[in-house]
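Scroll down for the structure; my scribbles are underneath it.
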Amino acid sequence: MGKKFLRFEFLLLFAVFIIATCGLVYELVAGTLASYLLGDSVKQFSFIIGVYLFSMGIGSFFSKFFHKNLLNTFVEIEILVGLIGGLSSVILFLLFESVEYFQFILYLLVFITGFLVGLEIPLLMNILKDKVEFRDLVSNVFTFDYIGALLASILFPLILIPKLGIMGTSLFFGMINVSIAIALCFLLKRELKNSYFLKTKAIFSFAVLLGVFFFQIKFWIIQKENFMEKISFILIRHNISVLF
């Protein structure tokens, strides 16, 4: 029984680590994207960070209204965070030139993501509060939370953006979020209600993110090829005009 609980506690604390890492990545993606598309990086990052932290506070406040099936609710939120956070950059890229109220949509997505992340930590603490001493619970949860945030802040500029790009980064971490939900569905299926439905929902969400991830890679390759063709055409025309 002790080993079973230790596994249960470790899984949820690891989920905290992933939540913190993915949540900060979504925040950094939104700030970077806003800076690229709208300019004034200081203003955009300040607003994004402010809205994200404010929405986390609102999410934490509303977490007190959840009393039943907390583990199921946590898994559902994990899936939602993965989908919304993962697809946010793709949605914003697609809407930038076609929507008049782009900034409203940008901050709305940031708010929703932060709200959901803000819900998760209190839910986890409520799940574990009767099984772990309060002092240990708080210190463990916030330790994993801050370590995850540090890891995200280091990986984002050094590895993620150079290797995956903005859209690839958000989609990749969306898949990580949903992967945690899938793992919890399989490993804690006895503690979950209607785990089969949750598994199906999580696997479908992962498939959507994976499909969009590969589509965006193909999209950027095509865009790059089209760009190179245009450049070549311009150079050829320029050479012909010089020759004649």
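Data table
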quantity: Residue tally, condition closer than 18 Å to residue 77 by Cβ, at pLDDT 90 or above and within 15 Å of the chain's Cα centre (by Cα), over the stretch 144-193; calculated: 10
quantity: Residue that is least open to solvent (accessible area, probe 1.4 Å) [pool: residues in the stretch 78-102 that are more than 19 Å from the chain's Cα centre (by Cα) and not hydrophobic (A, V, I, L, M, F, W, C)]; calculated: 98
quantity: Hits in the stretch 46-61 - residues which are more than 18 Å from residue 129 (Cβ to Cβ) and of a type outside the set (Gly, Ala, Ser); calculated: 47, 48, 49, 51, 52, 53, 54, 56, 58
quantity: The stretch 171-185 residues that are free of Cβ contacts under 8 Å to residues at least 40 places away in the same chain, paired with ones that are crowded, with 24+ Cβ neighbours inside 10 Å (beta carbon under 6 Å, 6 or more apart); calculated: 182/202
quantity: Residue count, the stretch 165-206 (criterion: more than 24 Å from residue 10 (Cα to Cα), hydrophobic (A, V, I, L, M, F, W, C) and open to solvent by less than 60 Å² (accessible area, probe 1.4 Å)); calculated: 3
quantity: Members of the stretch 186-216 that are basic (Lys, Arg), part of a helix (DSSP H, G or I) and in contact (Cβ under 8 Å) with a residue 40 or more places away in the chain; calculated: 201
quantity: Scan of the stretch 106-119 for residues that are closer than 19 Å to residue 28 by Cβ and either among the basic types (Lys, Arg) or buried (at least 16 other Cβ atoms within 10 Å of the Cβ) (or both), ordered by number; calculated: 106, 107, 109, 110, 111, 112, 113, 114, 115, 116, 117, 118
quantity: Positions within the stretch 16-55 being open to solvent by less than 30 Å² (accessible area, probe 1.4 Å), of a type in the set (Gly, Ala, Ser) and either at pLDDT 85 or above or in contact with a Cys (Cβ under 7 Å, 6 or more places away or on another chain) (or both), in sequence order; calculated: 20, 23, 30, 31, 34, 35, 55
quantity: Exclusive hit being of a type outside the set (Gly, Ala, Ser) and either open to solvent by less than 80 Å² (accessible area, probe 1.4 Å) or farther than 22 Å from residue 213 by Cα (or both), set 128, 158; calculated: 128
quantity: Leading residue by the ranking (most open to solvent (accessible area, probe 1.4 Å)) among those in the stretch 56-77 that are more than 21 Å from residue 201 (Cβ to Cβ) and either over 20 Å from the mean Cα position of the chain (by Cα) or without any contact (Cβ under 8 Å) to a residue 12 or more places away in the chain (or both); calculated: 67
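The values are calculated or read from the model by the stated rules, or taken from the named source; none is laboratory data. Source: prediction; values computed, not measured. Cβ atoms come from the backbone with ideal geometry, glycine included; neighbour counts cover every protein chain shown. For accessibility, only protein heavy atoms count, side chains too; no ligands or nucleic acids. Shrake-Rupley method; radii C 1.70, N 1.55, O 1.52, S 1.80 Å.
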